[in-house]
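Each remark here refers to the structure printed beneath this line.
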Amino acid sequence: MYDVAIIGAGVVGACAARELSRFDLNTVVLEKGFDVAVGATRANSGIIHAGYDALSGTLKAKYNMIGQRMFDKLAKELDFPFKRNGSLVVINDMSDMPILEQLKNRGEVNGLTDLYIASGSELNTLEPNLHKDIQAALVAPSAGVACPYEMTIAFAENAAQNGVRFLLGTQVTQINRENDSHFSIHTAKGLIEARIIVNAAGLYSDEINNMLSIHKLSIIPRRGEYCLLDKTEGSLVKHTIFQLPSKMGKGILVIPTPDGNLLIGPTSTDQTDKDDVSTTSEGLADVLNQAQSSVNHLPTNKVITAFSGLRSHLATDEFVIEEAADVPGLINLCGIESPGLTAAPAIAVEAVRLVNARLSATEKNDFNPIRKGIKPFRYMSIDERKAAIHDNPDYGHVICRCESVTKAEILAALRSPLEVNSLDAIKRRVRAGMGRCQGGFCWMRLLDIIADECKLDLTQVTKCGGQPILIERNKTGF
């Protein structure tokens, strides 16, 4: 019997797991994917929002502000990429100035004190490569960027180091409430029993709620398509560039990622299929066309990959963070779309408060808040590289040339506190295969390393869990 079962290992579930690991609780995380951060989190834009967009008085505004103030400490403790690069909301017509003023006023009501509006030479000094037609911008210095999957991995690994169990590839099929004492959670891998459920299932959080509660929820999958530009273009802008927001989202953004690329997107299209993350030629063309109105001479020929993700949108356009009124012990964290990444650490603190309202757990004396990431070889100085190779010769074997990822880093990722045995899991941890060639040169070497370290046959190694990449051997060596 577990004290708490968290359903979903996206950023919200991972943050909740880490926060719960501070307490003397027997906690398990159930994730249907074969790694953490494989749902909506995987294709998140990575923006840490300042807090001017969400309507004052909403849960989105509240947890956005609390969450964004936590990031400096969290990034230091958990060693994930994060930078306060600031953001600009741009306009190319001075008739839109009242909208900027409204956003500034809203941000100030929400608690921001550093917002200002820039124009003319001041704006040009901030961002010399803005489109020539842009007249003014709302500047938010406290906005930032993080890598959403590296952040989620950091929270999950620290939770695992502090005793939380992660069951990956474990899809929940049914849940029953047993005599008001606990839940029976039926999964594809057997029965799990828990006193409390934290529903962080993202796109499927409505289905988890609806298995138990008469108060039904309905998640609308909102698709966003992105283009990723080569690192050669990563310095084109320093700030995250927003267009004026609409009821469907924050427009097409130009985002300098923590890893040095330029990310452009997303579109915003509602659909019914919660698994359809395909891209469309129309959507990607729209991304590139709209982004060119923000940045001069945007190099659309430098796109190295395109992808799409789904956001968990509720018709109320608001977060649900509460214990279900008719199901004691079911804590719903639902409809966590933008600014969900920013709000996730604060939502996790509230989730723990709701758990402890029922369990009254005590804090551990030996909780360790520090998680050390894998130091990238590409960021080491020449002297650091020499020392690393001297101590571990595997640092001398560069496997991914685009991102300068070494065998030592890949082996470190495979020895994670979480189960890691697929190409995409390695990719998310050390960026092998994320460069210009998108794995064209390194994936066979990666397969060899994964198979050897995990004691698998090559035909058992998968891209992201599930079906293997290689079916059978058609040649034999000497």
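The values are calculated or read from the model by the stated rules, or taken from the named source; none is laboratory data. Keep in mind that what you see is a predicted model, and the values were worked out from it rather than measured. Every residue, glycine as well, gets a Cβ built from its backbone with ideal geometry; the counts of neighbours run over all protein chains shown.
Considering only the stretch 365-448, give the helices (runs of 4 or more DSSP H) lying wholly within it that have at least 3 residues that are farther than 17 Å from Glu150 by Cβ and modelled with pLDDT of 95 or more.
382-391, 407-414
Within the set of pairs 6+ apart or on separate chains, which have a first residue in the stretch 146-167 that is within 11 Å of Arg18 (Cβ to Cβ) and assigned by TED's automatic domain parsing to the domain that holds Leu20, a second that is charged (D, E, K, R) and part of a helix (DSSP H, G or I), and C-beta atoms under 6 Å apart?
Matching pairs, first to second residue: Phe155/Arg18; Asn158/Arg18; Ala159/Arg18.
Go through the stretch 128-149 and give me each residue that's more than 14 Å from Ile91 (Cα to Cα) and buried (at least 19 other Cβ atoms within 10 Å of the Cβ).
Ala140, Ser142, Ala143, Gly144, Val145, Ala146, Cys147, Pro148, Tyr149
Does Lys427 satisfy the criteria of being on the phi < 0 side of the Ramachandran plot, outside the structural domain of Ala156 (by TED's automatic domain parsing) and surrounded by fewer than 21 Cβ atoms within 10 Å (Cβ to Cβ)?
So Lys427 does not fit the description; no.
Condition test on Leu88, is it modelled with pLDDT of 95 or more and touching a His at 6+ places or on another chain (Cβ under 6 Å)?
Here the answer is yes, as Leu88 does meet what is asked.
So that you can scan it fast, the table gives a plain yes or no per residue for (1) free of Cβ contacts under 8 Å to residues at least 60 places away in the same chain; (2) touching an Asp or Glu at 6+ places or on another chain (Cβ under 7 Å); (3) surrounded by fewer than 20 Cβ atoms within 10 Å (Cβ to Cβ):
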position: Glu384; (1), (2), (3): yes, no, yes
position: Ile389; (1), (2), (3): yes, no, yes
position: Asp394; (1), (2), (3): yes, no, yes
position: His397; (1), (2), (3): yes, no, yes
position: Arg401; (1), (2), (3): yes, no, yes
position: Thr406; (1), (2), (3): yes, yes, no
position: Ala412; (1), (2), (3): yes, no, yes
position: Ser416; (1), (2), (3): no, yes, yes
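Note down all Cβ pairs under 9 Å where the first residue falls in the stretch 452-476 and is farther than 13 Å from Ile426 by Cβ, the second is among the aliphatic types (A, V, I, L, M) and surrounded by fewer than 14 Cβ atoms within 10 Å (Cβ to Cβ), and they're at least six residues apart or on different chains.
Pairs found: Thr459/Ile471.
Any residue at all in the stretch 63-72 that's without any contact (Cβ under 8 Å) to a residue 24 or more places away in the chain, part of a loop (DSSP other than H, G, I, E, B) and not assigned by TED's automatic domain parsing to the domain that holds His182?
Looking through the stretch 63-72, at least one residue is without any contact (Cβ under 8 Å) to a residue 24 or more places away in the chain, part of a loop (DSSP other than H, G, I, E, B) and not assigned by TED's automatic domain parsing to the domain that holds His182.
If we keep just the residues of the stretch 227-272 that are of a type in the set (Asp, Glu) and out of contact with any Leu (no Cβ under 9 Å at 6 or more places or on another chain), which is nearest to Glu127 (Cα to Cα)?
Step by step, filter the stretch 227-272, then rank; the result is Asp259.
How many residues, within the stretch 285-324, are under 29 Å from Ile336 (Cα atoms) and polar (S, T, N, Q)?
Number of matching residues: 7.
Considering the stretch 453-467 alone, what residues qualify as being closer than 19 Å to Gly433 by Cα and in a helix (DSSP H, G or I)?
Glu453, Leu458 - these are the residues of the stretch 453-467 that are closer than 19 Å to Gly433 by Cα and in a helix (DSSP H, G or I).
Can you give me the number of residues within the stretch 82-97 that are under 21 Å from Ala291 (Cβ atoms), assigned to a loop (DSSP other than H, G, I, E, B) and within 28 Å of the chain's Cα centre (by Cα)?
2
Give the residue that is farthest from Glu108 (Cα to Cα), with candidates limited to residues of the stretch 36-62 that are of a type in the set (D, E, K, R) and outside any loop (DSSP other than H, G, I, E, B).
Across the stretch 36-62, the extreme among qualifying residues is Arg42.
Among the residues of the stretch 135-153, is any acidic (Asp, Glu), farther than 30 Å from Ala413 by Cβ and at pLDDT 95 or above?
No, the conditions are met nowhere in the stretch 135-153.
Any idea which of (1) closer than 28 Å to Ile426 by Cα; (2) among the charged types (D, E, K, R); (3) in contact with a Lys or Arg (Cβ under 9 Å, 6 or more places away or on another chain) is the one Arg165 doesn't satisfy?
Unmet condition: (3).
Take the conditions assigned by TED's automatic domain parsing to the domain that holds Val198 and part of a loop (DSSP other than H, G, I, E, B) and apply them to Gly33. Does it pass?
Yes: the conditions hold for Gly33.
I need the helices (runs of 4 or more DSSP H) fully contained in the stretch 113-230, keeping only those with at least 2 residues that are within 27 Å of Asp259 (Cα to Cα).
Qualifying helices (runs of 4 or more DSSP H): 120-126, 148-161.
Just for the stretch 288-343: of the residues that are of a type in the set (Val, Ile, Thr) and under 30 Å from Glu193 (Cβ atoms), which one is surrounded by the fewest Cβ atoms within 10 Å (Cβ to Cβ)?
Val320
If you check Thr113, Thr125, Thr152, which single one turns out to be among the hydroxyl-bearing types (Ser, Thr, Tyr) and closer than 30 Å to Arg428 by Cβ?
Thr152
Conditions (1) modelled with pLDDT under 95; (2) more than 19 Å from Ser338 (Cβ to Cβ); (3) among the β-branched types (Val, Ile, Thr), marked per residue:
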residue	(1), (2), (3)
Met1	no, yes, no
Val11	no, no, yes
Thr27	no, yes, yes
Leu30	no, yes, no
Thr41	no, no, yes
Tyr52	no, no, no
